[in-house]
Amino acid sequence: MARGKAKDGDGNWKKFIWNSEKKELLGRTGGSWFKILLFYVIFYGCLAGIFIGTIQVMLLTVSEFEPKYQDRVAPPGLTQVPQVQKTEISFTASDSKSYEPYVKNLEKFLKDYSADQQTENIVFQDCGEMPTDYKDRGPYSDAQGQKKVCKFKREWLENCSGIQDPTFGYKDGKPCILVKLNRIIGFKPKAPVNDSLPAEVMAKYSPYLIPVHCAAKREEDADKIGTVEYYGMGGYSGFALQYYPYYGKLLQPRYLQPLVAVQFTNLTYDVEVRVECRAYGQNIQYSDKDRFQGRFDIKFDIRSS
Amino acid sequence: MKKEMDVDDHKLELPDLEAKYSTSITKGLVGAVAAERLLRDGPNELRPPRGTPECVKFGRQLAGGLQCLMWVAAAICLIAYGVQEGQGDRGSADNLYLAIALIAVVVVTGCFGYYQEFKSTNIIASFKNLVPQQATVIREGDKLQINANELVVGDLVEIKGGDRVPADIRIISAQGCKVDNSSLTGESEPQTRSPECTHDSPLETRNIAFFSTMCLEGTATGLVINTGDRTIIGRIASLASGVENEKTPIAIEIEHFVDIIAGLAIFFGATFFVVAMVIGYPFLRAMVFFMAIVVAYVPEGLLATVTVCLSLTAKRLARKNCVVKNLEAVETLGSTSTICSDKTGTLTQNRMTVAHLWFDNQIHTADTTEDQSGQSFDQSSETWTLLSRVVTLCNRAQFKSGQENVPVAKREVIGDASETALLKFAEVTVGTVSEARGRFPKVAELPFNSTNKFQLSVHTAGDRQLLVLKGAPERVLERCSTVMIKGQELPLDAQWREAFEGAYADLGGRGERVLGFCARWLPAGTVAAGTDPEALPEVAVGLCFAGLVAMIDPPRATVPRAVLKCRTAGIRVIMVTGDHPITAKAIAKGVGIISEGSETPEDVAARLRVPLEQVDPRQARARVVTGAELAGMEPGVLEGILRAHPEMVFARTSPQQKLVIVESCQRLGAIVAVTGDGVNDSPALKRADIGVAMGIAGSDAAKNAADMILLDDNFASIVTGVEQGRLIFDNLKKSIAYTLTKNIPELTPYLIYITASVPLPLGCITILFIELCTDIFPSVSLAYERAESDIMHLKPRNPRRDRLVNEPLAAYSYFQIGAIQSFAGFTDYFVAMAQEGWWPLLCLGLRPRWEDTHEQELQDSYGQQWTFEQRRYQQYTCYTVFFISIEMCQIADVLIRKTRRLSLLQQGLFRNHILVIAIVFQVSIGCFLCYCPGMPNIFNFMPIRWAPPPQVPVVVRAHALRPPHPHLRRDPQAGRAAAPRELVGS
């Protein structure tokens, strides 16, 4: 009851914290505290043991080379280099400082693609100059050691390779971006069926190619984009199928994703231009929720001065 | 009432009265004047106590301790949303969403609570809407029927038997008018009303009839002297509303508990706010953490659960004739340790019944049960033939017509209480009374009056006349010269007189009202028809004494068992009555309030033959205290008496004294239930922890003041209520323990999220779903759990010590079961992450990159690259997995909580069907949330795979290791010691 409650208020607090008569701290004697602490130490010890044990057992059931489920990661995302905040590339052609981050990012990314990085023949395999079919490399285990990786020549990227022009066209206001498909173990992208593609993509068709095409995101920007150049394996604007499937970072630690370089040679200056790039394939899908699934969009804002 | 009544109208002569109220005692008021006065004084009705405005009631539902925390959380969400929106951040709609969800939760639970309260108030409202009372009033010389609430001061009204007195009335003329003042004074005897002023006090004088008392018989004309709230009753009613409302024990329990929860929530929130700031999170983020912790820790569904549990019990009680006005009263009843009960109507049947007869020098016991199922006595003696004839004939009462098919006990009778009792007794024992009366037509009679103290009548019996007489035994004996023993008329000598005195004293000592009966055969024509009744006593001499009949208002059949049940349940029953001490004591003994073998100090004094002052009070378990003694006591003495004598009876008490008794009991730390029916009881009803009003006999004022109403006026129903109250306390404890447990597995994800920077394992929305959707049903279903053992064999709970939520319960829920659930949840979380490619060690510290909306190629343990949205759905998968693990653990938990004392098998796994249904329902909702299309984007649930859940061993282990309910031990020390021992043992 409420009445009389005030009576046993303050005075008892001190007694509660340390009761000298019964030698009780916070209502318990030392022995009692010891017992209860011992109980909880053992109790939580057991719990933690079981927790760790369960996790260990679970990890035993999970393969080192291949994830158990991939339903959340597939279909793959499409991403670009340079990686930019808010997917916006904005610079002034005449000001090298303004595009330096992009160039550095591209240069860093392409380092692995340089010819001198792909000399070890134990790791790398020449997969030809033209798109061909998938290269299956056996089961997902290290029974046969590491798997080989297809070479990807930086030269194929031509103007965007950074070999001739270390600024990747940025100093001329003709920026390059690299397009790549997210790595997914065992994923074999299927080339698109002919009739589902825009005419520009069909121009250079190969049955072993996942074509990439960039266009204005909005209709009204269509004339502001100007010419778009694509560089890739064998001059195709797409990802060749022999680079798939991916075998994971343990079996293919130096795997090179196929790239497509896209150069915008005649972008309108001083206007925000939104470009959307898509990869086309039967098992590459787009989602309203995930704007990076099978496509991405990027904003260009090139200032003239 | 505490101040002296300032009424002096009873002392005024009629002309003065006419002048005072400018009216006429023959023609009444003029219509226009009456209308004017009605306008001035307002209608003649009691103003209902001013209720709290509806919006305030609703507001209160929204502003409880937990609700305030939720408001704060919602505000933080909104601020976070506003700031993020201001920064042009994408994906911040989550916070807005959560704020809306939180506000919705508060409002919905508020509406629910309000609805419950509204519903229970409605029950009361239904009592008020009785048919408007009519009154016969004389205005301008014309007799009119008007609504009683239109009466004004000065009106001339007529009342007759069966009417309720429509206002305070000064009687001008009366014919045999008797009123029942029991609702005002507690006096159960009908009282005569006549025009003479007999007493200085307006309450005692005979010429005032009070508002809302019943006129039992006769007619009267009177002048209205007070109306509405200015009547005596009105003043008492306003006294009742002046007594402040105590908080119910359960309200205190819940407040106590909410304080702790809110304190802990803020403590945890603040701690992690500081931790987050120290780790280097931005201020806004830390605030969001704070909010999330509050949401995770506060048991949002708890108040709804408690309300539902209580209202379920209230419904169950209503079926057993207890209507609960205030939901919390259900539990109060369970913690009741003292019941102050009225006598008349509650413990007794409220009807005079023949209990004993004395004839042939022997006391015979009559059947006093309500349904006439008891044993009858030997009726073969010829003395009985004579006695029964006197009883039948010397009686003016008669049954109302058209009740041939009604059982005798339930028939309505015209006549006073004793005559009614005799009439019914005769009807049951000898057969149809009207037939007997037809065989012996009445020649002349002298009705009962207070000077003669007897009543007699003369009847024709073939060629003779029979004179029958009944009355006060000593007066009857004076007129007798012989006594009939076994059919023989023997002279009434000293030996028989002594036998008579003995029997009279014996019956009187049992608190019974004793009447003597005698008769005499007269030659035909001794008394001619139409003889002056006043001449009859001269004939009535030399009579033959037939016997004594003793009457009492007998206890209800169910009461002794109920009192015994109270006693075993550690509840003290105190009788408080306005009746005579001897009668009160007799009834108290009859129902077991004074148990067999207990003695009052008077008894002890009589046994030891010492003066009363020398008796050691400790020798006497029982004590009868009268109102007069009570009035003379110093403050504090009453407490001493209550402490010294476990069995107490208070007789001849006034309403204020009832209040004093209740307060004294409360000062001794008892939780007091008070029963009452009269207006005079309402202050005590209000003051009590739980006021119980009588549904049949109770006045509106009593019902207004009470927390509970007994529809059948039966004391035994209170005991049922106590049982239900105790059961619900037990079950609420189970429900709360169940509800509390999951707060830990809801909280730990955030703690780990902040400190170990793993991707968030459990979202706020998901938490709200657990709290308010899936787990509500099992926690409510625990209210249907049967009593585990005979809860009526335990002492009432001590409100200071036995809390609803105590330390062992919280420790067990939080640190043991909660910890197990958390581990189970995290096991599942890490499994779900690892199976999709995120191994446990990678998860640690992953949060900043995981939550970076611009990171579209985050690498998992296999080198696969994930976009932000893919990670988000993976996070939702984790929410779902964590949700499912909590649900599964909670199913195990509800089974653990089913029992507190017995083992699960003893209690029966499936006997509580509701609980089984609730579990099925819980699983169905879980499946629906997971597998219904569209859920990922609406409520962040993802379809997950059916897989043998890895926490199964954990749950099984939880059962195996379960310490046997440490929170149940009455002795907390035992509980603490038991836990470690149990662990070592298994």
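Among the residues of the stretch A:285-305, which ones are among the hydrophobic types (A, V, I, L, M, F, W, C) and away from chain B (no Cβ under 13 Å)?
Selection gives A:Phe300, A:Ile302.
Suppose we filter A:Phe109, A:Phe91 for residues that are more than 15 Å from A:Val179 (Cα to Cα) and at pLDDT 85 or above; which single one remains?
Being more than 15 Å from A:Val179 (Cα to Cα) and at pLDDT 85 or above holds for just one of A:Phe109, A:Phe91, which is A:Phe91.
Does B:Gly228 meet the test of being at pLDDT 75 or above, more than 14 Å from chain A (Cβ to nearest Cβ) and surrounded by fewer than 23 Cβ atoms within 10 Å (Cβ to Cβ)?
Against the criterion (at pLDDT 75 or above, more than 14 Å from chain A (Cβ to nearest Cβ) and surrounded by fewer than 23 Cβ atoms within 10 Å (Cβ to Cβ)), B:Gly228 qualifies.
Filter the stretch B:881-911 for residues that are closer than 30 Å to A:Glu64 by Cα and within 14 Å of another protein chain (Cβ to nearest Cβ); which is farthest from the chain's Cα centre (by Cα)?
Per the criteria, the residue is B:Val881.
Quick check: is even one residue across the stretch A:283-290 of a type in the set (Asp, Glu), under 23 Å from A:Glu200 (Cα atoms) and in contact with a helix residue (DSSP H, G or I) (Cβ under 9 Å, 6 or more places away or on another chain)?
Checking the stretch A:283-290: not a single residue is of a type in the set (Asp, Glu), under 23 Å from A:Glu200 (Cα atoms) and in contact with a helix residue (DSSP H, G or I) (Cβ under 9 Å, 6 or more places away or on another chain).
What about A:Gly281, is it out of contact with any strand residue (DSSP E or B) (no Cβ under 7 Å at 6 or more places or on another chain) and away from every other protein chain (no Cβ under 14 Å)?
Judged against the criteria, A:Gly281 is not a match.
For residues that are out of contact with any strand residue (DSSP E or B) (no Cβ under 9 Å at 6 or more places or on another chain) and assigned to a loop (DSSP other than H, G, I, E, B), tally how many sit in the stretch B:553-566.
Here the count works out to 2.
From the list B:Leu490, B:Leu507, exactly one residue is buried (at least 19 other Cβ atoms within 10 Å of the Cβ) and either of a type in the set (Asp, Glu) or in contact with a strand residue (DSSP E or B) (Cβ under 7 Å, 6 or more places away or on another chain) (or both). Which is it?
B:Leu507
What helices (runs of 4 or more DSSP H) completely inside the stretch B:457-550 contain at least 2 residues that are more than 18 Å from B:Leu387 (Cα to Cα)?
Of the helices (runs of 4 or more DSSP H) lying wholly inside the stretch B:457-550, those with at least 2 residues that are more than 18 Å from B:Leu387 (Cα to Cα) span B:494-509, B:536-539.
Mind telling me which of the residues B:Cys878, B:Cys843 ends up being in contact with a Leu (Cβ under 9 Å, 6 or more places away or on another chain), surrounded by 22 or more Cβ atoms within 10 Å (Cβ to Cβ), within 27 Å of B:Gly818 (Cβ to Cβ) and within 14 Å of chain A (Cβ to nearest Cβ)?
The unique qualifying residue is B:Cys878.
If you check every pair at least six apart or on different chains, which have Cβ atoms under 6 Å apart with a residue in the stretch B:829-841 that is over 19 Å from B:Pro943 (Cα atoms) first and a residue that is at pLDDT 90 or above and small (Gly, Ala, Ser) second?
Pairs found: B:Trp839/B:Ser861.
For A:Val193, all conditions in the list (1) more than 14 Å from chain B (Cβ to nearest Cβ); (2) crowded, with 21+ Cβ neighbours inside 10 Å; (3) under 20 Å from A:Pro75 (Cα atoms) hold save one; what is the number of the exception?
(2)
Among residues belonging to the stretch B:847-860 that are facing another protein chain (nearest Cβ under 8 Å) and in a loop (DSSP other than H, G, I, E, B), point out the one that is modelled with the highest pLDDT.
B:Asp860
Tell me, which residue of the stretch B:635-681 that is out of contact with any strand residue (DSSP E or B) (no Cβ under 9 Å at 6 or more places or on another chain) and β-branched (Val, Ile, Thr) is nearest to the other protein chains (Cβ to nearest Cβ)?
B:Val660
Pull up the stretch A:240-275, narrow it to residues that are touching a helix residue (DSSP H, G or I) at 6+ places or on another chain (Cβ under 8 Å) and assigned to a strand (DSSP E or B), then point me to the one that is surrounded by the fewest Cβ atoms within 10 Å (Cβ to Cβ).
Ranking the candidates gives A:Arg274 first.
Go through (1) in a loop (DSSP other than H, G, I, E, B); (2) β-branched (Val, Ile, Thr); (3) modelled with pLDDT of 85 or more one by one and return the number of the condition B:Thr451 breaks.
(3)
Kindly indicate whether B:Val476 is under 48 Å from the mean Cα position of the chain (by Cα) and among the hydrophobic types (A, V, I, L, M, F, W, C).
yes
What residue, of B:Arg911, B:Arg945, B:Arg900, is buried (at least 17 other Cβ atoms within 10 Å of the Cβ), of a type outside the set (Phe, Trp, Tyr) and not in a helix (DSSP H, G or I)?
B:Arg900
Regarding the stretch A:128-150, can at least one residue be identified that is surrounded by fewer than 17 Cβ atoms within 10 Å (Cβ to Cβ), within 14 Å of chain B (Cβ to nearest Cβ), out of contact with any Gly (no Cβ under 8 Å at 6 or more places or on another chain) and in a loop (DSSP other than H, G, I, E, B)?
Within the stretch A:128-150, one or more residues are surrounded by fewer than 17 Cβ atoms within 10 Å (Cβ to Cβ), within 14 Å of chain B (Cβ to nearest Cβ), out of contact with any Gly (no Cβ under 8 Å at 6 or more places or on another chain) and in a loop (DSSP other than H, G, I, E, B).
Got a number for residues in the stretch B:345-355 being surrounded by fewer than 24 Cβ atoms within 10 Å (Cβ to Cβ) and of a type in the set (Ser, Thr, Tyr)?
1
So which of B:Gly374, B:Gly301, B:Gly345 is modelled with pLDDT under 85 and closer than 30 Å to B:Tyr114 by Cβ?
Sole residue among the options that is modelled with pLDDT under 85 and closer than 30 Å to B:Tyr114 by Cβ: B:Gly301.
On the basis of being more than 9 Å from chain B (Cβ to nearest Cβ), farther than 30 Å from B:Ile944 by Cβ and surrounded by 15 or more Cβ atoms within 10 Å (Cβ to Cβ), does A:Tyr40 make the cut?
Criteria not met by A:Tyr40.
Here is a list: A:Thr79, A:Thr61. Which entry is over 18 Å from B:Phe826 (Cα atoms), among the hydroxyl-bearing types (Ser, Thr, Tyr) and either surrounded by fewer than 14 Cβ atoms within 10 Å (Cβ to Cβ) or facing chain B (nearest Cβ under 7 Å) (or both)?
Unique residue meeting the criteria: A:Thr79.
For the stretch A:43-58, name all the residues that are farther than 19 Å from B:Ile817 by Cβ, at the interface with chain B (Cβ under 9 Å from one of its Cβ atoms) and either of a type outside the set (Val, Ile, Thr) or not in a helix (DSSP H, G or I) (or both).
The answer is A:Met58, and nothing else.
The values are calculated or read from the model by the stated rules, or taken from the named source; none is laboratory data. Note that the structure is a prediction, hence the values are computed from the model and not measured. So basically every Cβ, Gly included, is an ideal-geometry build from the backbone, and we count neighbours across all protein chains shown.
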